[in-house]
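Read-outs: derived from the displayed coordinates by stated rules, not from any lab. Bear in mind the structure is a predicted one, so any value in this text is a computation, not a measurement. No Cβ is skipped: glycine too gets one built from the backbone with ideal geometry, and neighbour counts run over all protein chains shown.
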């Protein structure tokens, strides 16, 4: 709780910095907005990674329960700065901007969902950070996809941080890590799973498996950024 109070005070006392050039006083200056790393054309429509001559390298690592990954940006430059700042540098002031950019991407490529489900944090990590960045972004996009924000659908057990592990270790680390709340009616529901960034796809795949076992009709992912 004390850490969360310190973060809130810090956000109030120190003005925001541009996620591109670090200029104080704005979350994103006009010049850096034009240089945002939007996802390039020609990516796989399912896993949103680059396709080789014969096959796409990303789909093989995704759960069959996951219909597609959608993202606004490549995980580089200002988009990467936004994710890192939001998650690790008390950057909640970026949520309105990141939500606006996600809604702009949805205006170009619309999605419709019944439920909007954020990728959950473990209890320990939520207490340490003070907020779930995925839940904040999910709240921004739920009206745009005409879905109901459902923050309590998934829960997550305490495990080592994914960013410290290899791709194989990430998949192993997540076995049994997620659970669906009991008594939920997910049968046939179109679920949009929201996260700040998708890297290997291990986390969203495990979430999709959990949702599918609970009866979800389809699971798509919307992320602010995709690691290509």
Regarding region 18-69, what whole-number volume in Å³ per residue does the convex hull of its Cα atoms give? 119 Å³
Here the tail fraction of P(r) beyond 25 Å, over all Cα-Cα pairs of the chain, rounds in percent to 39 percent
Please report the antiparallel percentage of DSSP beta bridges with both residues in the chain, rounded to the nearest 5. 30 percent
Work out how far the C-alpha atoms of region 20-151 reach from end to end along every principal axis, then list the three figures in whole Å, largest first. 46, 36, 29
What FRET efficiency do you get for residue 131 and residue 21 if R0 is 25 Å and r is their Cβ-Cβ distance, rounded to the nearest 0.05? 0.45
If one builds a Gaussian network model of the chain from Cα atoms under 10 Å apart, the most fluctuating residue listed among 157, 48, 138 is 157
One checks the Cα atoms of region 63-108 and finds Rg and Dmax, in Å, of 12.5, 36
Quick one: if you stick a label point 7 Å off each Cα along the C-beta vector at residue 41 and residue 152, how many nm between them? 4.7 nm
Expressed in nm to one decimal, what extension gain is obtained for the pair residue 124 and residue 61 from 0.36 nm per residue of sequence separation less their Cα-Cα distance? 19.9 nm
Under the rule of -39500 (n - 2.57) per DSSP H run of 4 or more residues, summed and divided by the residues of the chain, what mean residue ellipticity at 222 nm is obtained, to the nearest 500 deg cm²/dmol? -10000 deg cm²/dmol
Solvent-free Debye scattering, log10 I(q)/I(0), computed from the Cα coordinates of region 98-155 at q = 0.13, 0.15 Å⁻¹: -0.35, -0.45
